[in-house]
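Here the structure is laid out as structure tokens; the discussion comes afterwards.
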Amino acid sequence: MTTDVEGLLRRCAPQALGAVARRHADFAAAEDAVQEALLAGAQQWPRDGVPDNPVGWLVRVAVRRLADEHREVTARRRREARVLHAAVPDDAEVTGLLALLLLTEARRPARSGPHGELVPLAEQDRSLWDRRLVVEGVHLATDALRAGRPGEHTLQACIAALHDQAPSSEATDWPQVLALYDRLHALTGSPVVALHRAVALAMVHGPARGLAALDGVAERLGGGHRLHAVRAHLLELDGRPRDAVEAYRHAAAAATNLREREYLTLKAARLT
Amino acid sequence: MRYMIMMDYGGVESACEPMDRWTPEELQAHFAFQAALQAELAERGEFVDGQGLASPDQAKFVVSDGVGAPVVIDGPYPEGKELLAGYWLVDVDSLDRAIEIAARASAAPAQGGLPIKQRIEVREVMSAPAAE
């Protein structure tokens with residue numbers, strides 16, 4: 001007896017579409033993804049047998065297709081940045097932006113652990129970084145900087161380039177990173193930049209200097225967990241685990257991202 | 001059928017201490033368990049939505065008569081009522097399946113790797129009336 005695969009697919013389609021559409025804001029995209037899953041089922045089920053949970057199978061394939069599309073969107077944004085750069089190759093900030101996108105994308109494979117947990121830059125497995133993107137990003141960042149009068153994107157790209165070229169956090173050219181943050185902060189006055197600058201300051205001149213640089217940033221940031229998280233990290237480097245634990249706990253309580261909260265909770269536990 | 005599966009900050013029936021007393025390994029096992037359970041629900045097409053909420057310190061309680069300025073009280077709730085920590089919204093074939101999912105979540109590993117035995121609320125989400 002052969003299963004009527006077509007009939008089964010037709011019966012499963014509405015439930016699969018319902019499940020995928022409820023989870024995905026774009027209904028048209030959900031429809032397309034489920035359509036592709038039905039086509040895949042029509043090809044594979046007669047060959048491999050009907051799965052135990054046919055609706056689940058269709059939903060899984062459709063969701064994977066939607067995830068691939070998201071990656072395509074990110075890739076498309078990079079392509080558009082490339083096209084823009086090709087159109088105005090002498091525009092340093094456009095070049096800097098492209099460099100920044102590439103250098104950030106290069107690190108993506110190392111950003112999450114096996115269970116989706118957050119892995120910060122200092123702890124990432126750098127062998128997972130995409131070498132080709134690093135090389136290209138560094139090249140473009142250098143071009144952009146060479147044009148003179150670097151803007152925000154170019155400075156960010158150069159900082160990213162220094163990180164991406166370093167074999168480890170310890171081996172990073174922190175004095176250069178600090179110099180770039182000095183320029184970026186002078187240019188933008190951004191409190192978030194001030195926060196990152198404090199970390200670089202700590203890496204060059206010691207945690208006490210970094211902690212001192214955090215004074216005055218709190219009001220400018222208007223709350224949020226990042227200040228607590230940076231303070232906690234610097235307190236830990238400064239050999240003050242009890243104060244660091246308290247700061248990590250504050251940061252965890254103020255976190256609005258689940259992965260960040262889990263990470264900060266773990267950091268507190270590791271020091272306890 | 002859709003069900004809300006809700007966890008609050010109370011209702012822990014095992015002897016385990018609050019999370020700030022757990023070891024890193026115990027925390028990692030707990031977080032990994034949650035991530036794996038959610039991934040499994042997604043695989044089965046049962047996962048609709050699921051969120052962890054910000055800590056009770058960040059809660060705001062709002063009462064308004066629609067006329068004057070609303071009264072806004074900062075969390076945590078003064079009378080110590082247990083606040084929602086997180087939820088899953090699942091689309092399943094039966095109440096039994098929703099209970100099965102809640103039971104899995106209730107037994108998440110905690111201190112010593114022992115099940116946390118947290119009380120979890122399961123309630124059906126009201127659906128639209130059947131078409132006439």
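The values are calculated or read from the model by the stated rules, or taken from the named source; none is laboratory data. Bear in mind the structure is a predicted one, so any value in this text is a computation, not a measurement. As a convention, Cβ positions derive from the backbone with ideal geometry for all residues, glycine included, and neighbour counts pool all protein chains shown. To get the accessible areas, we keep the full protein, side chains included, count just its heavy atoms, and leave off ligands, DNA and RNA. Shrake-Rupley method; radii C 1.70, N 1.55, O 1.52, S 1.80 Å.
Summary of computed values
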item	result
The stretch A:260-272, residues that are within 9 Å of chain B (Cβ to nearest Cβ) and either touching a residue at least 12 places away in the same chain (Cβ under 8 Å) or surrounded by 20 or more Cβ atoms within 10 Å (Cβ to Cβ) (or both)	A:Arg261, A:Glu262, A:Thr265, A:Leu266, A:Lys267, A:Ala268, A:Ala269, A:Thr272
Hits in the stretch A:197-227 - residues which are at pLDDT 95 or above and farther than 24 Å from A:Leu187 by Cα	A:Gly206, A:Pro207, A:Ala208
A:Arg149 being of a type in the set (Lys, Arg), surrounded by 15 or more Cβ atoms within 10 Å (Cβ to Cβ), outside the structural domain of A:Leu266 (by TED's automatic domain parsing) and out of contact with any Leu (no Cβ under 7 Å at 6 or more places or on another chain)	no
Residue check, A:Gln165 open to solvent by 30 Å² or more (accessible area, probe 1.4 Å), within 24 Å of the chain's Cα centre (by Cα), more than 14 Å from every other protein chain (Cβ to nearest Cβ) and touching a residue at least 60 places away in the same chain (Cβ under 8 Å)	no
Residue count for the stretch B:27-51, restricted to those that are open to solvent by 40 Å² or more (accessible area, probe 1.4 Å), in contact with a strand residue (DSSP E or B) (Cβ under 8 Å, 6 or more places away or on another chain) and not polar (S, T, N, Q)	3
Test: residue in the stretch A:238-256 that is within 14 Å of chain B (Cβ to nearest Cβ), out of contact with any strand residue (DSSP E or B) (no Cβ under 9 Å at 6 or more places or on another chain), open to solvent by 30 Å² or more (accessible area, probe 1.4 Å) and assigned to a loop (DSSP other than H, G, I, E, B)	yes
All positions within the stretch A:81-116 that are open to solvent by less than 60 Å² (accessible area, probe 1.4 Å) and within 14 Å of another protein chain (Cβ to nearest Cβ)	A:Gly113, A:Gly116
B:Gly66 touching a strand residue (DSSP E or B) at 6+ places or on another chain (Cβ under 6 Å), small (Gly, Ala, Ser), more than 9 Å from every other protein chain (Cβ to nearest Cβ) and surrounded by fewer than 17 Cβ atoms within 10 Å (Cβ to Cβ)	no
Failed criterion for A:Gly7 (all others in (1) open to solvent by less than 30 Å² (accessible area, probe 1.4 Å); (2) over 22 Å from B:Phe47 (Cβ atoms); (3) touching a helix residue (DSSP H, G or I) at 6+ places or on another chain (Cβ under 8 Å) hold)	(3)
Cβ pairs under 6 Å, 6+ apart, first in the stretch A:59-76 and under 14 Å from A:Ala16 (Cα atoms), second among the β-branched types (Val, Ile, Thr)	A:Val59/A:Val20; A:Ala62/A:Val20; A:Ala62/A:Val34
Among (1) open to solvent by 40 Å² or more (accessible area, probe 1.4 Å); (2) touching a His at 6+ places or on another chain (Cβ under 7 Å); (3) aliphatic (A, V, I, L, M), the one test that B:Ala110 misses	(1)
Total residues in the stretch B:96-107, condition open to solvent by 80 Å² or more (accessible area, probe 1.4 Å) and in contact (Cβ under 8 Å) with a residue 24 or more places away in the chain	1
All positions within the stretch B:18-37 that are facing another protein chain (nearest Cβ under 7 Å) and either part of a loop (DSSP other than H, G, I, E, B) or touching a residue at least 12 places away in the same chain (Cβ under 8 Å) (or both)	B:Trp22, B:Thr23
